[in-house]
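Structure, as structure tokens:
The values are calculated or read from the model by the stated rules, or taken from the named source; none is laboratory data. Predicted, not measured: the structure shown is a model, and the values here were computed from it. Don't worry about glycine lacking a Cβ; one is built from the backbone with ideal geometry, like all the others, and counts go over all protein chains shown. With ligands, DNA and RNA removed, areas are computed over all heavy atoms of the protein, side chains included. Shrake-Rupley method; radii C 1.70, N 1.55, O 1.52, S 1.80 Å.
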Amino acid sequence: MENRIDFTLKPDTIENLKTFSELLKKDVSWVLEQALEEYFAKVQKELLEKNLADENALTNLDYDEFWDGVDI
């Protein structure tokens, strides 16, 4: 598995990375890792909430509608 990805960043983003790296006394890789971890956690939470909302939309029958016609 390759651990290298080529990508391009805007000049402003590069400057921000350098600035925060210096302020935090951490290397740029650490800053990127932290930012991506937070991003992935946020997106995963949003996706889980969306999936839950979609599931709830599929089962939005009230009690009487759900059990209508069922003989016990």
Inside the stretch 27-72, the number of residues satisfying the requirement of being under 21 Å from the mean Cα position of the chain (by Cα) and either open to solvent by 80 Å² or more (accessible area, probe 1.4 Å) or at pLDDT 90 or above (or both) is 26
If a residue must be open to solvent by 100 Å² or more (accessible area, probe 1.4 Å) and either in contact (Cβ under 8 Å) with a residue 12 or more places away in the chain or basic (Lys, Arg) (or both), how many such residues does the stretch 1-17 contain?
2
